[in-house]
Amino acid sequence: MTANPSDVTASLEWFGLSSYEAQIIVALQKLGLGTAKEIAEVTAVPQSQVYGAAGSLEKRGLIEVERSNPKRYRSIEVEQVLDHLETEYYQHRADVAEGLKMIREQFKDERSESQEHVWTVTGSAAVLSRITTLLNDATDSLIIGLESASPIADDIVNQLHGLDNGTIDITVITTDESISDSVREIATVYQPPLDPELEASSAMSGHVLVVDDTAILVSACTSDSEIAIWSAETEFANVLIDMSKARLETFFPGLT
């Protein structure tokens, strides 16, 4: 098995190294010990640029410099390189998190909260994250339509089991027997009659989630992906919630 130096260089750049710095790190794995001239010969880094890039790497603790004439360079051990990069990554991550939170707090009074916010989320992970947030925000009631064709159905069921079922009235609507059985102890379950045409077209499914009569999420999904729109405490949400509940009433009078 052989490694592609270009791929390794690109990965190092992801950690914030410049192209020249990344190439020098890779070159020193080949050379073990090398001068600026030798490094330039095995990379696309001009010899005149090796000195500056190597100096930057030395400051970051990623290479060592022999004070000879000419100077010679060598990389620290691979595990040490990884430790340095990991430490820098988590430090930058912490700095970004703190900075974003401070900016958000600083400008919270200037943000408009009166606009009609309707959001789109794409991808199963993003949809599950939004559903999880909405479920955790529930204080009174939630109505959710679930089908096993969704790639995140099992995750949603697990989220439902984690809620405080003593204070939240949970209603689950599903045509799936396995989902019915898995939530029957924590929720009121309704199984609507399934349209034969829809049953024949099982490649597409989706979810509807109504939380506290103030927030709604509607999604459509295939076996490997999902997209959803959601809104909370807006006129759009109110209209969509009323439409959804009216539709449910046609199947289950008195449900809502």
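Restricted to the range 203-233, and to residues that are more than 20 Å from Ala125 (Cβ to Cβ) and modelled with pLDDT under 90, which residue is surrounded by the most Cβ atoms within 10 Å (Cβ to Cβ)?
This residue is Glu233.
Surrounded by 14 or more Cβ atoms within 10 Å (Cβ to Cβ) and out of contact with any Pro (no Cβ under 9 Å at 6 or more places or on another chain): which single residue out of Leu62, Leu82, Leu100 fits that description?
Leu62
Here is a check on your reading of the model: is Val121 in contact (Cβ under 8 Å) with a residue 12 or more places away in the chain, touching a helix residue (DSSP H, G or I) at 6+ places or on another chain (Cβ under 6 Å) and of a type in the set (A, V, I, L, M, F, W, C)?
So Val121 fits the description; yes.
Scan the range 72-101 and report the pairs whose first residue is outside any helix (DSSP H, G or I) and whose second residue is of a type in the set (Ser, Thr, Tyr), with Cβ atoms within less than 6 Å and a gap of 6+ or a chain change.
Pairs that qualify, where the first residue is outside any helix (DSSP H, G or I) and the partner is of a type in the set (Ser, Thr, Tyr), are Arg72/Thr35.
Considering Asn69, Asn136, which residue is in a loop (DSSP other than H, G, I, E, B), without any contact (Cβ under 8 Å) to a residue 40 or more places away in the chain and more than 19 Å from Trp14 (Cα to Cα)?
Being in a loop (DSSP other than H, G, I, E, B), without any contact (Cβ under 8 Å) to a residue 40 or more places away in the chain and more than 19 Å from Trp14 (Cα to Cα) holds for just one of Asn69, Asn136, which is Asn69.
Take Ile76 and tell me if it is β-branched (Val, Ile, Thr), buried (at least 16 other Cβ atoms within 10 Å of the Cβ) and modelled with pLDDT of 95 or more.
No, not satisfied.
Regarding Glu147, is this residue modelled with pLDDT under 85, within 18 Å of Asp213 (Cβ to Cβ) and either part of a loop (DSSP other than H, G, I, E, B) or outside the structural domain of Asp212 (by TED's automatic domain parsing) (or both)?
Against the criterion (modelled with pLDDT under 85, within 18 Å of Asp213 (Cβ to Cβ) and either part of a loop (DSSP other than H, G, I, E, B) or outside the structural domain of Asp212 (by TED's automatic domain parsing) (or both)), Glu147 does not qualify.
Restricting the range 6-31 to residues that are under 16 Å from Gly61 (Cβ atoms) and more than 28 Å from the chain's Cα centre (by Cα), which is surrounded by the most Cβ atoms within 10 Å (Cβ to Cβ)?
Going through the qualifying residues, I end up with Ile24.
The values are calculated or read from the model by the stated rules, or taken from the named source; none is laboratory data. These figures come from a predicted structure and were not determined experimentally. Neighbour counts are summed over all protein chains in view; Cβ atoms, including those assigned to glycine, are modelled from backbone coordinates with ideal geometry.
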